[in-house]
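> One structure is given below, represented as structure tokens, and several questions about it will come after.
Quick note: the coordinates plus some simple rules give every number you see, no bench work behind them. Treat the numbers as computed from the prediction; the structure is a model and nothing was measured. Methodologically, a virtual Cβ is constructed for each residue, glycine included, from the backbone with ideal geometry; neighbour enumeration extends over all protein chains shown.
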Amino acid sequence: MYTPEIAPLADSLLWSSLIAVLPLLTMFVTLGILKWKAHWAGLAAVAVALIIAIFVYDMPAGLAGLSAAQGFAFGLFPIMWIVVAAIWLYELTVTSGRFQDLRLVINVISDDPRVQAILVAFCFGALLEALAGFGAPVAITGIMLVAVGFTAMRAAMVVLVANTAPVAFGAIGIPIITAGNLTGIDYQDIGAMVGHQTPLLAFIVPLFLVLLVDGKRGLRQLWPLALVVGIAFGVAQYLSSNFLSVELTDIIASLVSLGAAVLMLQVWKPVGGQDALDTMAEEKKTEKASAPDAGGAGGAVDTAVDQKTSPLTGSRVFLALFPYLLVIVIFSISKLVPFLSEWLASTDIKIPWPGLDGNILNSAGEVSTSTVYNFQWLSTPGTLLLISGIITAIVFKISAGVAFKVFIDNLIKMRFSILTVGFVLALAYVMNLSGQTITIGTWIAGTGALFAFLSPILGWLGTAVTGSDTSANALFATLQQAAATKAGIDPVLLVAGNSSGGVVGKMISPQNLTIAATAVGLLGQESAILRRVLWWSVGMLIAMCLLVGLQSTVLSWMVPGGA
């Protein structure tokens, strides 16, 4: 029976924290500075975490190894299962010859790439986050942006930055519901508080996307549309989370923002679209000349489409959109129809991890529940995407043999991405179960009233390690609650701050970096993507820290029930 110590090194929380953070530093230094391949960076970080767990935290080597094994398994299924299924769905559309029509359909709404970034990455991505989460929005919207002519790197950056504001309410509010279950705080209260935080991100993220696509020129020309979409999303997110439904918040916000964009484009036409297209075409030529196809979805198809080849018919439009409409329908039914949602959840198989379950206590001396592996063979978004792919193959008249070959080829192409995510989750499990993560969190939480300004950092850190805002809340929600009570701060504020801080950590998570790289065809270039998005993440984290800190003092009126 292993119980982690909070401060195993000379009883010093500071020194223990400095040691505990070494696996994370290993990951980001090898990936971001030394430019190692992501799977080697992940393996090195796991090795460092195991050494620290065994020799500093006195965790039995067998338990440390089993922790890594369970994390690796979780990385394969359900996390990479979702990505594999999403990419397979895309590959089927390419095989059918229907995928090129998707660009034409999107261009009917607007051929301006700056508008497309807002519509696809922000609005549609938020809807996918609401229904699926766990990497599916990044994978699918990344594929779609490459389809409409984005360079692979720009597509990856755009979808990662876009996948922020909706994350706290993703997968039908699971991150917030998880925080409520662990802390005993009504999740509706936590959701209402998050609804006083993340909408402020939503206001500005579309502006950031325009800046990423076309720089200052794009911002000057597109700011009215970006602002309208951001405000529409943020206001809808606030109203839904506070007065309607936490679970439906992102669905409502994404549809409202998409409707606002379409309506505005009926009465306002942006200028400079052709200049942006020309710039993107030049970038595309440079990308093709300088980098061979690295595999993945983005490298699988030439996206240069002649829009004048043949007119779009109603059937071509429907078939181009069919896979994505199907995903929305299947996910909506599975999540929003209560009896079906409950039945799907009932098929989950709980597997106590052999040799590990029952042998790990948390820092409070209670048996850890993290050692039970939940095999969601049917309810996981990955299986729902697989079902979507099978139906798509039938509708597109792709034979079973061809569809299976596409699936196997996809697995082979993604083998290093699969390894990377497995290692990242192995790292997360070793750090969590050995006590390394809680050491870092406890040290940060010991700053008293100042902790209100620092609390989002824990959510950011947890999501950066695990790739999941849900996991970040599972790690730190109770710690946030305890620290808030000790410092005389409303616990609802800091628990919500944990979730809100987590949303801006997702873009630098090695797991999400790998998903984005795989989707757009930049396998092995996760380090390059990290260097491009890191400062966006840090900048938004600083803003969130300031907001939560001020909400504990001069902006306390923003806390539901606050002064």
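> Compute the projected area of the convex hull of the Cα atoms of the range 57-105, averaged over all viewing directions, and report it in nm² to one decimal place.
5.1 nm²
> Output the peptides 100-108, 504-512 sorted from most to least packed, where packing is the average of other Cβ atoms within 10 Å over each peptide's residues. Please list the in-between numbers first.
Details: 100-108: 18.8, 504-512: 28.4.
Highest mean packing first, the order is 504-512, 100-108.
> What is the projected area of the convex hull of the Cα atoms of the range 341-481, averaged over all directions, in nm²? Each step should come with its number before you reach the end.
Numbers: hull surface 47.1 nm².
Orientation-averaged projected area of the Cα hull: 11.8 nm².
> If contacts are Cα pairs under 8 angstrom and at least 6 residues apart, what is the relative contact order of the chain in percent? Display every interim value, and only then the final one.
On the way: 1042 pairs, mean separation 149.8, N = 563.
Value for the chain: 27 percent.
> To the nearest 10 degrees, how steep is helix 491-503 against the longest Cα principal axis of the chain, on a 0 to 90 scale?
In the chain, helix 491-503 runs at an angle near 50 degrees to the longest axis.
> My understanding is that a pair violates if its Cα-Cα distance is over 28 Å; which of Lys269/Lys397; Lys335/Lys486; Lys216/Lys269; Lys350/Lys397; Lys285/Lys413; Lys35/Lys413 do that in this structure? Don't jump to the answer; show the numbers that get you there.
Values: Lys269/Lys397 39 Å; Lys335/Lys486 38 Å; Lys216/Lys269 18 Å; Lys350/Lys397 37 Å; Lys285/Lys413 24 Å; Lys35/Lys413 21 Å.
Over 28 Å Cα-Cα: Lys269/Lys397; Lys335/Lys486; Lys350/Lys397.
> What percent do you get for the relative contact order of the range 25-153 when only Cα pairs under 8 Å and 6+ apart count? Don't skip to the answer; put the middle values down first.
Numbers: 70 pairs, mean separation 26.4, N = 129.
Relative contact order here is 20 percent.
> Taking the Kirkwood radius as the inverse of the mean 1/r across Cα pairs, report the Rg/Rh of the range 65-205.
Working: Rg = 17.3 Å, Rh = 16.7 Å.
My calculation puts Rg/Rh at 1.04.
> Based on the alpha-carbon gyration tensor of the range 99-167, what equivalent-ellipsoid semi-axes (square roots of 5 times the eigenvalues) come out, in whole Å, largest first?
Details: eigenvalues 70, 28, 23 Å².
Taking √(5λ) for each eigenvalue gives 19, 12, 11 Å, largest first.
> For the range 380-474, calculate the relative contact order in percent as a whole number, restricting contacts to Cα pairs under 8 Å that are 6 or more residues apart.
Relative CO of the range 380-474 lands at 17 percent.
> Once the Cα atoms of the range 1-63 are picked out, what are the Rg and Dmax in Å?
Computed over the Cα atoms of the range 1-63, radius of gyration and Dmax are 13.0, 39 Å.
> Give me the log10 of I(q) over I(0) for the range 332-423 at q = 0.10, 0.12, 0.16, 0.18 Å⁻¹, as the Debye formula computes it from C-alpha points; what are the numbers?
So the normalised log intensities work out to -0.46, -0.64, -0.95, -1.05.
> Give me the Debye-computed log₁₀ of I(q)/I(0) at q = 0.13, 0.21, 0.24 Å⁻¹ for the range 214-291, equal point scatterers on Cα only, no solvent, two decimals.
Once normalised to I(0) and log-transformed, intensities are -0.57, -0.89, -1.00.
> Along the three principal axes, how long is the range 237-279 when you take its alpha carbons, biggest first, rounded to the nearest angstrom?
Taking max minus min along each principal axis of the Cα atoms, the range 237-279 gives 43, 23, 12 Å.
> Let me ask another. Peptides 192-201, 164-173, 418-427: what's the order by average Cβ count within 10 Å, highest mean first? Walk me through the intermediate numbers first.
Numbers: 192-201: 25.0, 164-173: 29.0, 418-427: 27.2.
Per-residue Cβ counts within 10 Å, averaged per peptide and sorted highest first, yield 164-173, 418-427, 192-201.
> Mind checking the angle between helix 170-183 and the chain's longest principal axis? C-alpha axes, 0 to 90 degrees, to the nearest 10.
Compared with the principal axis, the helix lies near 10 degrees.
> Consider just the alpha-carbon atoms of the range 161-247 and return their Rg together with their Dmax, both in angstrom.
My reading of the Cα-based Rg and Dmax gives 14.7, 49 Å.
> Would you mind estimating how fast the chain diffuses translationally, via Stokes-Einstein at 37 °C and 0.692 mPa s with the Kirkwood radius over Cα pairs, in µm²/s? List each step's numbers first, then the result.
On the way: Rh = 23.6 Å.
Calculated translational D: 139 µm²/s.
> Give me the angle, in degrees from 0 to 90, between the Cα long axis of helix 314-336 and the longest principal axis of the Cα atoms of the chain, rounded to the nearest 10.
20 degrees
> Say R0 is 25 Å: what FRET efficiency, to the nearest 0.05, do Ile408 and Ile387 get from their beta-carbon distance?
Numbers: r = 19 Å, r/R0 = 0.74.
That gives a FRET efficiency of 0.85.
> I've got another one for you. Hand me the chymotrypsin sites (Phe, Trp or Tyr not before Pro) from the range 205-297 located in a DSSP loop with no more than 12 other Cβ atoms within 10 Å, in residue order please. Numbers along the way, then the final one.
Values: sites: Phe208, Phe233, Tyr238, Phe243, Trp268; in loops: Trp268.
Answer in residue order: Trp268.
> Taking the convex hull of the Cα atoms, report for the range 423-553 its projected area averaged over all directions, in nm².
Values: hull surface 29.9 nm².
Averaging across all directions leaves 7.5 nm² for the Cα convex hull.
> If I stretch the segment between Val317 and Trp557 completely, what's the gain in nm (0.36 nm per residue apart, minus their alpha carbon distance), one decimal?
On the way: separation 240, 0.36 × 240 = 86.40 nm, distance 4.88 nm.
My answer for the length gained is 81.5 nm.
> Going by average Cβ density within 10 Å per residue, which order do the peptides 273-282, 149-158 take, highest to lowest? Walk me through the numbers before you get to the answer.
Values: 273-282: 15.6, 149-158: 26.4.
Result, highest mean Cβ count within 10 Å first: 149-158, 273-282.
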